[in-house]
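Peer 1: Structure below; questions to follow.
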Amino acid sequence: MLAQVERPPLFLDVDWPFPPFGQDPQRKPKYPMTLSVITRMSDMGRWMPDAAGRLSRAALELYEERGFEDTTVAEIAERAGLTKRTFFRHFPDKREVLFPLSARIHQVIVDAMTAAPADLSPLAVVLEGYDAAVDMVNTGHAQARRRRAVIVANPDLRERELTKFAATSAAVTEALCERGVAPRSAFLTAAAGAAAWRAACECWIEGPETQDLHALLRESVEELRAAVAAPLAP
């Protein structure tokens with residue numbers, strides 16, 4: 001019996017192996033497909049668009065209904081109409097599923113800072129970075145409010161959110177250093193920018209849907225500058 005060969009998960013596996021040139025296409029394949037190939041064929045119906053978004057929305061619904069601790073990955077995948085295997089293609093665990101845009105936001109901020117004009121001040125460069133990320137979160141106000149309530153209610157999710165903020169702040173610090181800003185100044189400026197961003201997002205989530213996050217971010221930066229400029233002693 002010929003050994004079966006495991007092949008990579010390509011869409012072409014569905015029709016593999018093709019008959020050699022000139023051979024009757026009705027002839028049965030010389031080598032039978034492996035079980036893994038057949039499994040991939042049955043799973044193809046679950047390879048649908050926006051899988052990550054569907055999983056995030058399903059997780060949010062279940063966390064609201066049952067709580068974070070009492071919801072499993074299998075239940076999230078089932079609610080989204082997907083498999084656990086698909087879930088783990090997109091997210092490492094059930095905490096991360098509530099932060100589907102974090103990596104993209106992180107990269108957008110750093111890219112915008114890199115592209116900022118050379119004559120901008122460090123804080124202005126940081127503002128350019130965060131402002132570029134606004135459009136990624138400036139929609140879906142109702143869902144953002146629901147997501148925020150779930151995160152606040154669970155210590156594990158709050159910890160994960162703080163980890164995300166810290167990672168972005170560290171990347172902003174590094175981007176400023178690459179522009180020639182001294183390390184301590186870069187660290188302080190990045191921390192200030194992160195504080196302004198968080199304050200603006202909180203105001204946007206808690207306030208009316210008509211608010212604009214671009215404007216709230218700039219207001220937060222101006223309030224921060226005013227607070228820092230105040231004298232240390234009367």
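Peer 1: Against the condition farther than 25 Å from Glu61 by Cβ and at pLDDT below 95, how does Ala167 come out, does it pass?
Peer 2: Details: farther than 25 Å from Glu61 by Cβ: yes; at pLDDT below 95: yes.
Here the answer is yes, as Ala167 does meet what is asked.
Peer 1: Restrict the check to region 100-108 and report whether at least one residue is touching a helix residue (DSSP H, G or I) at 6+ places or on another chain (Cβ under 7 Å), surrounded by fewer than 14 Cβ atoms within 10 Å (Cβ to Cβ) and modelled with pLDDT under 95. Before you say what the answer is, go through the steps one by one.
Peer 2: Filtering region 100-108 down to residues touching a helix residue (DSSP H, G or I) at 6+ places or on another chain (Cβ under 7 Å) leaves 100-102, 104-106, 108.
So of that shortlist, the ones also surrounded by fewer than 14 Cβ atoms within 10 Å (Cβ to Cβ) come out as 104.
After this cut, where a residue has to be modelled with pLDDT under 95 as well, the list is 104.
Scanning region 100-108 turns up at least one residue that is touching a helix residue (DSSP H, G or I) at 6+ places or on another chain (Cβ under 7 Å), surrounded by fewer than 14 Cβ atoms within 10 Å (Cβ to Cβ) and modelled with pLDDT under 95.
Peer 1: Suppose the filter is of a type in the set (Ser, Thr, Tyr), without any contact (Cβ under 8 Å) to a residue 60 or more places away in the chain and closer than 30 Å to Asp70 by Cα; does Thr83 pass it?
Peer 2: Values: of a type in the set (Ser, Thr, Tyr): yes; without any contact (Cβ under 8 Å) to a residue 60 or more places away in the chain: yes; closer than 30 Å to Asp70 by Cα: yes.
Criteria met by Thr83.
Peer 1: Could you list all residues from region 125-142 that are modelled with pLDDT of 90 or more and not hydrophobic (A, V, I, L, M, F, W, C)?
Peer 2: Listed by number, the residues that qualify are Glu128, Gly129, Tyr130, Asp131.
Peer 1: Please state which one of Pro117, Pro100 is touching a Ser or Thr at 6+ places or on another chain (Cβ under 8 Å) and in a loop (DSSP other than H, G, I, E, B).
Peer 2: Details: Pro117 fails: touching a Ser or Thr at 6+ places or on another chain (Cβ under 8 Å).
Pro100 is the lone residue from the list that is touching a Ser or Thr at 6+ places or on another chain (Cβ under 8 Å) and in a loop (DSSP other than H, G, I, E, B).
Peer 1: Also, I was wondering about something else. Would you check which residues across region 56-92 are in a helix (DSSP H, G or I) and aliphatic (A, V, I, L, M) and list them? So that I can check it myself, show each step before the final result.
Peer 2: Taking region 56-92 and keeping what is in a helix (DSSP H, G or I), we get 56-66, 73-80, 84-90.
Residues satisfying the conditions are Ala58, Ala59, Leu60, Leu62, Val73, Ala74, Ile76, Ala77, Ala80.
Peer 1: Quick one: in region 150-163, which of the residues that are touching a residue at least 40 places away in the same chain (Cβ under 8 Å) and either of a type in the set (A, V, I, L, M, F, W, C) or open to solvent by 50 Å² or more (accessible area, probe 1.4 Å) (or both) is nearest to Cys201 (Cα to Cα)? Spell out the reasoning first.
Peer 2: Taking region 150-163 and keeping what is touching a residue at least 40 places away in the same chain (Cβ under 8 Å), we get 150-151, 153-154, 156-157, 160-161.
Subsequent filtering for residues that are either of a type in the set (A, V, I, L, M, F, W, C) or open to solvent by 50 Å² or more (accessible area, probe 1.4 Å) (or both) retains 150-151, 153, 156-157.
Numbers: Val150: 16, Ile151: 14, Ala153: 18, Asp156: 20, Leu157: 17 Å.
Applying the filter and picking the extreme gives Ile151.
Peer 1: If I filter region 50-68 down to residues being modelled with pLDDT of 95 or more and among the acidic types (Asp, Glu), which single residue comes out as most open to solvent (accessible area, probe 1.4 Å)?
Peer 2: Checking each candidate, the answer is Glu65.
Peer 1: Looking at Arg89 and the list (1) free of Cβ contacts under 8 Å to residues at least 40 places away in the same chain; (2) closer than 25 Å to Glu209 by Cβ; (3) open to solvent by 80 Å² or more (accessible area, probe 1.4 Å); (4) of a type outside the set (Gly, Ala, Ser), which single condition is not satisfied?
Peer 2: Only one criterion in (1) free of Cβ contacts under 8 Å to residues at least 40 places away in the same chain; (2) closer than 25 Å to Glu209 by Cβ; (3) open to solvent by 80 Å² or more (accessible area, probe 1.4 Å); (4) of a type outside the set (Gly, Ala, Ser) is unmet by Arg89, namely (2).
Peer 1: Within region 182-206, can you find the residues that are β-branched (Val, Ile, Thr) and buried (at least 20 other Cβ atoms within 10 Å of the Cβ)? Spell out the reasoning first.
Peer 2: The first filter runs over region 182-206 and keeps only residues β-branched (Val, Ile, Thr), leaving 189, 205.
Scanning region 182-206 gives a single hit, Thr189.
Peer 1: Here are some conditions: (1) part of a helix (DSSP H, G or I); (2) touching a residue at least 12 places away in the same chain (Cβ under 8 Å); (3) open to solvent by 30 Å² or more (accessible area, probe 1.4 Å). Glu209 meets all but one. Which one does it not meet?
Peer 2: Glu209 satisfies all of (1) part of a helix (DSSP H, G or I); (2) touching a residue at least 12 places away in the same chain (Cβ under 8 Å); (3) open to solvent by 30 Å² or more (accessible area, probe 1.4 Å) except (1).
Okay, residues lined up against (1) of a type in the set (A, V, I, L, M); (2) in a helix (DSSP H, G or I); (3) within 21 Å of Ser102 (Cβ to Cβ); (4) in contact with a Pro (Cβ under 7 Å, 6 or more places away or on another chain):
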| position | (1), (2), (3), (4) |
| --- | --- |
| Gly129 | no, yes, yes, no |
| Arg146 | no, yes, yes, no |
| Arg160 | no, yes, yes, no |
| Leu188 | yes, yes, no, no |
| Arg198 | no, yes, yes, no |
| Cys201 | no, yes, yes, no |
| Glu219 | no, yes, no, no |
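Peer 1: Let me ask something else about it. Which residues, taken from region 111-148, are among the β-branched types (Val, Ile, Thr), farther than 14 Å from Ala171 by Cα and open to solvent by less than 80 Å² (accessible area, probe 1.4 Å)? Step through it out loud before you land on a result.
Peer 2: Here is the first cut: in region 111-148, the residues among the β-branched types (Val, Ile, Thr) are 114, 125-126, 134, 137, 139.
Going one step further and asking which of them are farther than 14 Å from Ala171 by Cα, we end up with 134, 137, 139.
Val134, Val137 - these are the residues of region 111-148 that are among the β-branched types (Val, Ile, Thr), farther than 14 Å from Ala171 by Cα and open to solvent by less than 80 Å² (accessible area, probe 1.4 Å).
The values are calculated or read from the model by the stated rules, or taken from the named source; none is laboratory data. Everything numeric in this text was worked out from a predicted model, so none of it was measured. Glycine also receives a Cβ, built like all others from the backbone with ideal geometry; neighbour counts cover every protein chain displayed. Only protein heavy atoms, including side chains, enter the accessible area calculation; ligands, DNA and RNA are left aside. Shrake-Rupley method; radii C 1.70, N 1.55, O 1.52, S 1.80 Å.
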